[in-house]
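First the structure, in the form of structure tokens, and then the observations on it.
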Amino acid sequence: MITIVSGAPCSGKSTYVRERAGLDDVVVDFDLLAQAVGSSHPHHHGPAHVRVARQMRRDAIDMVANHPALYADAWIVDTAPSHSVLAYYVAAGARFEVCDPGRDECIRRALADNRPDWTIPEIHRWYDTHTQESA
């Protein structure tokens with residue numbers, strides 16, 4: 001089973017997956033990939049790490065989506081998949097989970113964790129978009 005975990009930055013997506021993924025499950029998480037190729041920061045990666053991690057993420061998602069029978073369970077952290085990406089996930093038979101502790105809690109977590117400057121505007125963008133789509 002492929003599970004897509006989405007939500008605003010600081011909503012707990014990685015924690016959600018970490019607490020539920022089995023030992024042999026595939027986990028596709030951008031920040032973990034960037035760290036695997038040498039980024040020394042958990043959430044703010046240099047341009048080289050970003051380029052490599054993006055390609056690794058695309059390749060890993062394609063492997064899981066195109067060959068789901070090869071993987072018992074796979075988890076993909078995707079903050080805000082586009083409509084076309086959602087359709088791709090649906091075609092692969094994915095299920096979806098949304099982490100939503102609320103805008104204020106995400107902002108509190110971002111400040112407490114000293115997240116990069118772009119984080120709070122992205123939290124607002126996610127909630128503004130999510131609210132518009134729900135209305």
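The values are calculated or read from the model by the stated rules, or taken from the named source; none is laboratory data. Computed from a predicted structure; not experimentally measured. Reconstructed Cβ throughout: ideal geometry from the backbone, glycine too, with neighbour counts over all protein chains shown. In case anyone asks, the SASA skips ligands and DNA or RNA and just uses the protein heavy atoms, side chains included. Shrake-Rupley method; radii C 1.70, N 1.55, O 1.52, S 1.80 Å.
When each of S40, S6 is tested for being among the hydroxyl-bearing types (S, T, Y) and at pLDDT below 95, the lone residue that passes is S40. One residue stands out among those in region 45-70 that are in contact (Cβ under 8 Å) with a residue 24 or more places away in the chain and surrounded by 17 or more Cβ atoms within 10 Å (Cβ to Cβ): the one that is farthest from G93 (Cα to Cα), which is R57.
Yes/no matrix, rows are residues, columns are (1) small (G, A, S); (2) in contact with a Lys or Arg (Cβ under 9 Å, 6 or more places away or on another chain):
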residue	(1), (2)
L32	no, no
R54	no, no
R57	no, no
A60	yes, no
A72	yes, no
T79	no, yes
H83	no, no
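A Cβ distance below 6 Å, combined with a sequence gap of six or more or placement on separate chains, defines the contacts here; from region 110-132, residues that are farther than 14 Å from D100 by Cα and open to solvent by 80 Å² or more (accessible area, probe 1.4 Å) reach no residue that is modelled with pLDDT of 90 or more and in a loop (DSSP other than H, G, I, E, B). Considering only region 21-40, I want to know if a residue exists there that is exposed (fewer than 13 other Cβ atoms within 10 Å of the Cβ), free of Cβ contacts under 8 Å to residues at least 12 places away in the same chain and under 15 Å from the mean Cα position of the chain (by Cα). Checking region 21-40: not a single residue is exposed (fewer than 13 other Cβ atoms within 10 Å of the Cβ), free of Cβ contacts under 8 Å to residues at least 12 places away in the same chain and under 15 Å from the mean Cα position of the chain (by Cα).
Here is the figure for region 87-100: residues that are closer than 22 Å to L32 by Cα, open to solvent by 30 Å² or more (accessible area, probe 1.4 Å) and not β-branched (V, I, T) total 4.
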